[in-house]
1. In the range A:142-412, what percent of the accessible surface is made up of carbon and sulfur (1.4 Å probe, ligands and nucleic acids excluded)?
2. Just to be sure I understand: if you take the accessible area of chain A alone plus chain B alone and subtract the pair, with a 1.4 Å probe, what total do you get in Å², rounded to 100?
3. Could you work out the mean count of beta carbons from other protein chains within 10 Å of each residue's beta carbon in A:294-302?
4. Hey, got the average number of other protein chain Cβ atoms within 10 angstrom for residues in B:198-204?
5. Normalised radius of gyration for chain B, please: alpha carbon Rg relative to 2.2 N^0.38 Å, two decimal places.
6. Given points 7 Å out from each Cα along the Cα-Cβ axis, report the B:Ala126 to A:Leu111 separation in nanometres with one decimal.
7. Given a 1.4 Å probe, how much area per residue of the range B:1-157 is accessible, in Å²?
8. Please give the FRET efficiency for B:Ala19 paired with A:Val240, using the beta carbon to beta carbon distance and R0 = 45 Å, rounded to the nearest 0.05.
Amino acid sequence: MTDKTIKTDEADQADKADGAGQAAETGGADARPAPPPYSVCPAPGDAAAPTTPGGPATDPTRAEPDATGPARAELLGRLRRTYRARSRRVTLTAVVLGLLLAGLLVASVLLGGLRRIEPGDVLPAALGLRDGVADYTIHRIRVPRALAALLAGALFGLSGALYQRVVRNPLATPDIVGISAGASAGATTVLVLLPALPLGTPLAAVAGAFLLVGAIHALSWRGGVDTYRLVLVGIGLSAVCSAYTNYLFTLAEEHTLAAMMRWTIGSVNGADWAGVTTLAWGLAVCGAGTALLSRRLDCLALGDEFATGLGTPVGLTRTTALLLGAAGAALATSVVGPVGFVSLISGPIAVRLAGPSRAVALAVPVGAVIVLGADVLAQHAPLVSPVPTGVLTALLGAPYFVWLLLRRRQEATP
Amino acid sequence: MTDPHSPGRHPAHRLEARAVSAGYGSSLIIDGLSVGIAAGRITALVGPNACGKSTLLKSVARLLPLAAGSVLLEGADIRSLPTRQVARRLGILPQSPIAPESITVGDLVWRGRHPHRRFGQRRTAADETVIADALLATGTAELVDRPVDQLSGGQRQRVWIAVALAQDTPTLLLDEPTTYLDVAHQIEVMDLLAELNEQAGKTIVLVSHDLNQAALYASDMIAMRDGRVVCQGPPEQVLTEETVAEVFGLTCVVVPHPYTGRPQIFPLGRRTLAPTSSAPRTLIPGEPS
């Protein structure tokens, strides 16, 4: 290869020596060329000769057909095997997570005993086909609780992975940059200061979350979202919101304190079908939006400039993804409260399980498994139960958060 | 003499900046700059720091919004073309692209196919062929299953070039592709670019800080200073003592490369020119008196 390059360059030189009598031949003071015109010098036609004398070749493998032919075929086979293995790993991970979720759902409904309920009535009761105790225990309490845990976890996982992907920072998740804290502040404001308002705390939580997202973006805007400032501003505003919520605690009547607890720790206890419906719609919308964006998000992961070069509208993609992530986190928080650290750990776990290419999609079942699993433990594990779900996810997630801060590698994103 | 590298239906200039002004925030780095880049060549943009060469490259690649002027890609205004269509004709390797954590070489190179995929379309045999060719051309075929974050700097840069090749564009822009590499890896990357130009007929534009490498590998050089083009032409016309003095404010001596005859510079710093210097000054050809 090197030989060829040199030879062609020599050919160049020969061509040029004929033409213009270039001074580069000797480099001596006498033979130096006249100063070049300080503008665009020659017409392209009479500049250096083309590097390939025979005209442009189009096939990159043309030069060494014998060497590359079999190598290329072998590489093609290897590529196909590689990509197939990757797809299989993603599918396998999804199936295992799905089975795990099914098992956790069953455990969540059945654990805690079936006093005065016939085993044969459980499934019909879950579908709302029985009355009395079976209906109350299974259909009103346990099934919505399990489904709320599953769906909220899925939304937390999705919104966290979206933020991490778009901001390219493993710390930039809705719970860390304060979206959950904003939701808590909104909900507790209504609980404590405006109890007469028919607004409802979930709506207030969504409003609080979006106010906070707006504030973060306004403060970190520099002709585009400055992702580094976004994280710092978010952590600051999160602290402000927490302080505000704690202040409200001192104003609260005794009977609202219990309701307020949910907005500081997060728990799926007491979730009802209305909450489940909200979460299901939220997951459907955010999931569909993410699916539509997924390839652009893959490009965005390579950096803004490379993504633009690949034909991705960077600003639009980032704004849409951040809005979807914020909406998902706000809706999940509005139903189950700020269940901590789920959005932080789901994405990186998905990367560890099946690589970065399907991490955002796999963060959905990962988040669902974490919250549902944590809720089953929170209800039934010996020694600790019963505790709010958020306590267990924080126990799991906080050490990881510290480890992440200590490790803090530049390119650690899903 | 016509350029055998530009097929008849293409204009001679693959890329053209017309009175382009661009910069960061409110300050313009380049203002009203016009320059044409010929098809089928390697063009090197050289100049001191902050002279606007990267700004020019980024404006031409639509990575920076233009404050004024226009960029023509194969004769059409780049802003009038859908961005994905531009991405099928013009590839750009920025200075510091980001590899997602633990992504493998095969998956990363596959992402270069993005502009050629329709929505929901799966990987085709044609995609796989282009990816295989990109891996073979860059000598990264044996790294397919390796995570990118475990590679050496030289390997990683070749993998990024493979991603840009998978994009399969006739024109490729590179922003300082050899910075941060040791000299052997630099030559490796430059040889690779020369082969792509020679064998696949790709038009290559690169920003370089190494004048000697640029003169060795480029068929055209564009020397810039303070946001304007000082001189454009073949290395023999651009890499002269006068131009280097004007562009860099550096005294140097230019001698032909012993193998290729291309001009190579030797900078003459204050120490080299000092009377106490132990350098055998009488042997230096073209020494300024």
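The values are calculated or read from the model by the stated rules, or taken from the named source; none is laboratory data. These figures come from a predicted structure and were not determined experimentally. When we count neighbours, we look across all protein chains shown, and the Cβ atoms used for this are built from the backbone with ideal geometry, even at glycine. Side chains included, ligands, DNA and RNA excluded: accessible areas come from the protein's heavy atoms. Shrake-Rupley method; radii C 1.70, N 1.55, O 1.52, S 1.80 Å.
1. Accessible surface attributable to carbon and sulfur in the range A:142-412 totals 71 percent.
2. For chain A against chain B, roughly 7200 Å² becomes buried.
3. Rounded to a whole number, the mean comes out at 4.
4. Average neighbour count from other chains, rounded to a whole number: 6.
5. 1.07
6. 5.3
7. Dividing the accessible area of the range B:1-157 by its residue count gives 39 Å².
8. That gives a FRET efficiency of 0.40.
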